[in-house]
Every structure is written in C-alpha cells, then in structure tokens.
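Contents: one structure, followed by commentary.
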Amino acid sequence: MIMKKIDISSHINGIQLSSCIMNASGALCTTDQELSNLFDSSSGAVVTKSCTKNPREGNVKPRYFEWNVGSINSMGLPNLGIDFYLNFLEKKKTKKPVFLSLSGLSIEENLFLMKKANFSQKVTAIELNLSCPNLREEVLGNDLYKISTFLESIFEFNKKPLGIKLPPYFKEECIINMSLLLNQYPIFFVTCINSLPNGIFIDTDNEKTVIQPKNGFGGVGGSIIKPFALANVRKFYTYLRKDISIIGCGGIYSGKDIFEYILCGASAVQIGTQLIKEGISIFDRLKKEFTLFLKKKNYSSINSFKGKLKNFQ
Ligand code: DHB
C-alpha cells in the first residue's frame, strides 16, 4: 500500500510554517532560555512574550493559577523590554519564522515599538497585542475609533507583515464591525483569541482568590474557553477578507482540537495554557496527534478542510 504523506505545514498570508502549531504569546517565551527552547522545538514558529519599551517586573505573585480545565492570570506584562527581544533575535541563527509580540502601554508607545521592530531583519512578522486584559488602561481592541486612527498612523511607515491579537467578542455585531475596519488595511493576520477578561477562581478551603493582583480577577484561558475561541475564529473567517489569515488560540489540548480550529477557518494555531502545563514536548505530541487524526480522516493537508465547517442540516 502506498502511504500518503500527511502535511501539516501552512502559511500565514504567504509566511511559510513547517508546522501549523506554535506557542501563544505569554506561554514560555519571555526569557533567553525559554525562547531558545522554543526555537529548538518542533513548533512551526516562535511568538515572543508581548513586550514594552522598558523591561517590566509585572504584577505581584501569585499571578498565575491553573486547574483541570482552565487557567487564570494577571501577569501584568512582565517582559525584558523590546531591546532584549530584538538583540536576542539578532544573535539567533534560525530559519523559523518569528512573530514579535508588541503591547505598548499607550498608542504612542505602540507606534514607537512598531517603528523599532520595522528596523529588524530578524522579525518575520509583528503580532500587535490590542487585547491584554490585565492593565488599568482600556483594551484598545474594544475601541474601533481608536484602532482606526492607530492603524492609519501605523501604515504610514509599516513595512512588516502585521497581525493583530484580538480579545474575545461575544456579539456578532462587534465581529462584523471589527472585520469591516480591518478589511480596509493591509493586515496579514489576526489571532483569535486572547484570554477571557475578568474571570475569578475561588479556593473554597481558604475562602480566597487564587491570584493576588486585581483582587483575584484575571484573564481566563484553557479548555473552558475553547467554544468561545472557535466561535470567534468562525465568525472572523466569515467576515474578514479571505487573504487575512486567522491564527486560532484558546484551549487547545489535542490534535482533534487543532482540527476543529482549522475547520472553522484558522490557518495555524497557538498553544498557551497547555504549553505551560506540559512543557515544550507538547509540540511533538500535538504534531503526532494531529497527523494521526488527519490520517484517520483521510486528509493529507490542511487545505483540504480549512474553513469547511458544515451546518447541522
Ligand atoms: C498579559 C496578559 C495578556 O493576556 C496579554 O495579552 C498580554 C499581557 C500579562 O498580564 O502579562
């Protein structure tokens, strides 16, 4: 019998990925060691921790907690500052695509970071994070007017492939309006979704919250958010220009989960909570599971089913 080769490579608006599976920003991608491990792993790309102009310590600990079906965090953007990430990449010999995640504390800071990132040959693409839920400032991803003036300024100088990390939306209207706006710009991709903001998890033994910052409130990730993440991917796939790729993120644990995201229209996926839980070897496991899943389904590549989710009847 001839064995059909199963190909899990993909591309983000032309950026080639040897595997469609990568880390989510924030998950084991802050330090030199963590990033080196990601480059050495079988992930299809490396995404860096969202960075700011200056290094930040982040919020007080404990600031991350996980339970069987989820995680909650209020990290407060601990990162080594954009210069660290650009210097690290400058020294790195690699062919793996690198997505530099930027999360300035203001529009001015984001413009500064974007300009700086534009000078680096080593940055494949920028993932602009407009959805960090743990800062006092309003999430820009929820303000269409501000985003449009911001994008106008960005595209006056930007030459790098640009993607936007979006918060979860719970109304179709929000997704339609955001899509109509993004469709007017030469955006390469969107990443859906960031964590669900303002969750809380309670330790009943001690009658306490489990993380210290913000009285215990934080962004929720992990398998409990998957239905919302899939819905956001599906709706954006419906309303975005077809050349804008979607990276799906939220609650991926298995190869089957990856299949679901691609069926909804994602071109690639990111792993957050489960990467933190399981460590870097997760990329080998997911690659194997996803390949086996496709084999059972008799699919040999992502393109044969991407976006082809059917309605019930
Ligand atoms: C942090 C959390 C996020 O969900 C995000 O997108 C960026 C930063 C944080 O708290 O560090």
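The values are calculated or read from the model by the stated rules, or taken from the named source; none is laboratory data. What you see is a predicted model, and the numbers here were worked out from it, not measured in a lab. Every residue, glycine as well, gets a Cβ built from its backbone with ideal geometry; the counts of neighbours run over all protein chains shown. Just the protein is used for accessible areas: all its heavy atoms, side chains included, with ligands, DNA and RNA removed. Shrake-Rupley method; radii C 1.70, N 1.55, O 1.52, S 1.80 Å.
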**Prompt:** Which one of Lys295, Lys91, Lys122 has the biggest mean-square fluctuation once the chain is modelled by GNM with Cα springs under 10 Å?
**Reply:** Lys91
**Asked** Just for the Cα atoms in segment 11-134, what are the lengths along the principal axes, largest first, rounded to whole Å?
**Response** 37, 37, 26
**Prompt:** If the chain were replaced by its equivalent ellipsoid, with semi-axes equal to the square roots of 5 times the Cα gyration tensor eigenvalues, what would those be, largest first, whole Å?
**Reply:** 27, 23, 21
**Message:** Please enumerate, by chain and number, the lysines with C-alpha under 25 Å from the C-alpha of Lys171, excluding those fewer than 8 residues away in the same chain.
**Reply:** Lys146, Lys226, Lys235, Lys242, Lys306, Lys308, Lys310
**Linear extension gain, Asn68 paired with Phe112, 0.36 nm per residue minus alpha-carbon span** = 11.9 nm
**Prompt:** When the C-alpha atoms of segment 187-313 are aligned to their principal axes, what extent does each axis show, in angstrom, from largest down?
**Reply:** 51, 33, 32
**Fill in**
Between the modelled labels at Asp284 and Asp83 (7 Å from Cα along Cα→Cβ) the distance in nm is 3.8 nm
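Rounded to the nearest 500, what is the chain's calculated 222 nm mean residue ellipticity when only DSSP H runs of at least 4 contribute -39500 (n - 2.57) each, over all residues?
Working: 9 runs with 99 residues, N = 313.
Value at 222 nm, helices only, nearest 500: -9500 deg cm²/dmol.
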**Request:** Please report, as a whole percent, how much of the solvent-accessible surface of segment 83-149 comes from carbon and sulfur atoms (probe radius 1.4 Å).
**Result:** 54 percent
**Prompt:** How about Lys288: which aspartates and glutamates have a C-alpha closer than 19 Å to its C-alpha, ignoring those fewer than 8 places off in the same chain?
**Reply:** Asp7, Asp40, Asp257, Glu260, Glu278
**Request:** Give the percent of DSSP beta bridges with both residues in the chain that are antiparallel, rounded to the nearest 5.
**Result:** 35 percent
**Request:** For Lys96, list the lysines whose Cα falls under 18 Å from its own Cα; do not include residues on the same chain fewer than 8 positions away.
**Result:** Lys49, Lys122, Lys160, Lys287
**Asked** Over all distinct Cα pairs, what is the inverse of the mean 1/r for segment 1-79, reported as the Kirkwood hydrodynamic radius in Å?
**Response** 15.0 Å
**Label-to-label distance, nm, for residues given as Lys159 and Leu309 (7 Å Cα→Cβ offset)** = 3.8 nm
**Item:** Residue among Ile244, Ile126, Ile15 with the largest mean-square fluctuation in a Gaussian network model of the chain, springs linking Cα atoms under 10 Å
**Value:** Ile15
**Prompt:** How many Å² of accessible area per residue for segment 232-313, probe 1.4 Å?
**Reply:** 47 Å²
**Asked** Taking a quarter of the surface of the Cα convex hull of segment 80-212, what do you get in nm²?
**Response** 10.3 nm²
**Item:** Burial order of peptide ranges 21-31, 141-151, 65-75, 194-204 (average beta-carbon count within 10 Å, highest first)
**Value:** 21-31, 65-75, 194-204, 141-151
**Asked** Any idea which of Ser304, Ser281, Ile271 is furthest toward the positive side of the dipole for segment 268-313, if Lys and Arg beta-carbons carry +1 and Asp and Glu beta-carbons -1?
**Response** Ser304
**Request:** Would you calculate the separation in nanometres between label points at Glu138 and Lys208, each defined as 7 Å from the Cα along the Cα-to-beta-carbon direction?
**Result:** 3.6 nm
